[in-house]
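Colleague: Just passing along the structure, written as structure tokens.
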Amino acid sequence: MSQTSRRELGDSNRPIEDELEDAFARMIDEGTQRLHRTWREVLATGFFGGTEVAMGVLAYLSVLHATHNSLLAGLAFSIGFLALLLGRSELFTEGFLVPVTTVAAKRASVGQLFKLWTGTLAANLAGGWVLMWLIMKAYPKLHEQTIESATHFIAAPISAETVALTLLGGMAITLMTRMQHGTDSMFGKIAAAVAGAFLLAGLQMFHSILDSLLIFGAIATGSAPFGYLSWLSWFGYTLAGNIVGGLGLVTLLRLVRTKDRLREEREEADDEPDGSGEEVD
């Protein structure tokens, strides 16, 4: 079927299906707002994101301590993703699909994208560190479980298996973002958050933020057989794998799928005299 025919059949008069057009519009609207945040807003939103994920880690550790079942613990971790969704905070690895699509559509700049990424990443880690320190002080019964869970990640050697787990970790959370922007239904968004948590935490994929909080908690107990230098070494390759997985295996394919719609959006942005991609402080 020709592009013209698809335009005539759909309600939106766009070169993609109506459902994809709705999802695309939601991403551009949200991405434009997120990328035009000030530094203060980026850091505050990222800090809250770290604290909210840490509450999911608390639920994960509590269920794992009680049941020794990682799948059930993964479902419990969905509390963290639900808090992100309903609290409108920001997690670094959620910043692939929506912001990159917005930059590709010329609704924001590459500089704004890197501000969002660097600010959110640093603030996630800071907020998560604070909450994990408090959690370890409040729940000494979870110390042993926290050290065991953190060791599973930080002691893993770099291999084909661990690299694959980092790629899948980045892909899983970006897929969760894609599902949430594919619907207006809050029930659907919540279901996507639970599914993402099950995949990411329940199947013990490697995730740069989630697993860092486990490691921070273990170090905070004072009994962990590793320290921050070991974490930094682990964090480097895990972060790289998450980025490749999220950008290469989900975001890039989404951009290819909406290529014609992106071209239209870029042309519209070029025609606007106010330069909507300029940064607002």
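Colleague: If you check LEU125 against the conditions, is it within 14 Å of the chain's Cα centre (by Cα), at pLDDT 90 or above, within 30 Å of ALA218 (Cα to Cα) and of a type outside the set (Phe, Trp, Tyr)?
Modeller: Yes; evaluated as a whole, the condition is true for this residue.
Colleague: Consider ILE190 carefully, then state whether it is of a type in the set (Val, Ile, Thr), surrounded by fewer than 17 Cβ atoms within 10 Å (Cβ to Cβ) and out of contact with any strand residue (DSSP E or B) (no Cβ under 9 Å at 6 or more places or on another chain).
Modeller: Considered against the rule, which asks whether it is of a type in the set (Val, Ile, Thr), surrounded by fewer than 17 Cβ atoms within 10 Å (Cβ to Cβ) and out of contact with any strand residue (DSSP E or B) (no Cβ under 9 Å at 6 or more places or on another chain), ILE190 comes out as yes.
Colleague: Here is a check on your reading of the model: is VAL244 out of contact with any Ser or Thr (no Cβ under 9 Å at 6 or more places or on another chain) and β-branched (Val, Ile, Thr)?
Modeller: In short, no.
Colleague: Within the bounds of segment 76-86, is there any residue that is farther than 18 Å from GLY170 by Cα, without any contact (Cβ under 8 Å) to a residue 40 or more places away in the chain, out of contact with any Lys or Arg (no Cβ under 8 Å at 6 or more places or on another chain) and not in a helix (DSSP H, G or I)?
Modeller: no
Colleague: Between residues in segment 110-132 that are closer than 14 Å to ALA44 by Cβ and residues that are among the polar types (S, T, N, Q) and buried (at least 19 other Cβ atoms within 10 Å of the Cβ), which pairs lie under 6 Å by C-beta distance while being six or more apart or on different chains?
Modeller: GLY127/THR51
Colleague: Here's a follow-up. Can you name the number of the only condition in (1) more than 25 Å from GLU30 (Cα to Cα); (2) in contact (Cβ under 8 Å) with a residue 12 or more places away in the chain; (3) of a type in the set (D, E, K, R) that GLU148 fails?
Modeller: (2)
Colleague: Looking only at residues that are in a helix (DSSP H, G or I), surrounded by fewer than 20 Cβ atoms within 10 Å (Cβ to Cβ) and of a type outside the set (A, V, I, L, M) in segment 99-114, which one is farthest from the chain's Cα centre (by Cα)?
Modeller: The selected residue is GLY111.
Colleague: Can you name every residue in segment 35-67 that is farther than 18 Å from PHE81 by Cα, in contact (Cβ under 8 Å) with a residue 12 or more places away in the chain and part of a helix (DSSP H, G or I)?
Modeller: LEU35, TRP39, VAL42, LEU43, HIS65
Colleague: Another question, if that's okay. Got a sec? Which of THR45, THR32, THR93 is among the hydroxyl-bearing types (Ser, Thr, Tyr) and at pLDDT below 90?
Modeller: None of the other options fit; the residue is THR93.
Colleague: All but one of (1) closer than 19 Å to GLU52 by Cβ; (2) at pLDDT below 95 hold for ILE190, so report the exception by its number.
Modeller: So the condition that ILE190 fails would be (2).
Colleague: LEU239 - would you say it is loosely packed, with under 13 Cβ neighbours inside 10 Å and aliphatic (A, V, I, L, M)?
Modeller: Considered against the rule, which asks whether it is loosely packed, with under 13 Cβ neighbours inside 10 Å and aliphatic (A, V, I, L, M), LEU239 comes out as no.
Colleague: Here is a check on your reading of the model: is ARG26 in contact (Cβ under 8 Å) with a residue 60 or more places away in the chain, of a type in the set (Lys, Arg), out of contact with any strand residue (DSSP E or B) (no Cβ under 6 Å at 6 or more places or on another chain) and not in a helix (DSSP H, G or I)?
Modeller: It is false that ARG26 is in contact (Cβ under 8 Å) with a residue 60 or more places away in the chain, of a type in the set (Lys, Arg), out of contact with any strand residue (DSSP E or B) (no Cβ under 6 Å at 6 or more places or on another chain) and not in a helix (DSSP H, G or I).
Colleague: Need the failing condition index for LEU82 against (1) of a type outside the set (Val, Ile, Thr); (2) within 23 Å of GLY246 (Cα to Cα); (3) surrounded by 24 or more Cβ atoms within 10 Å (Cβ to Cβ), just the number.
Modeller: Only one criterion in (1) of a type outside the set (Val, Ile, Thr); (2) within 23 Å of GLY246 (Cα to Cα); (3) surrounded by 24 or more Cβ atoms within 10 Å (Cβ to Cβ) is unmet by LEU82, namely (3).
The values are calculated or read from the model by the stated rules, or taken from the named source; none is laboratory data. Computed from a prediction, not measured in an experiment: that's the story for all the values here. Cβ: placed from backbone, ideal geometry, glycine included. Neighbour counts: every protein chain shown.
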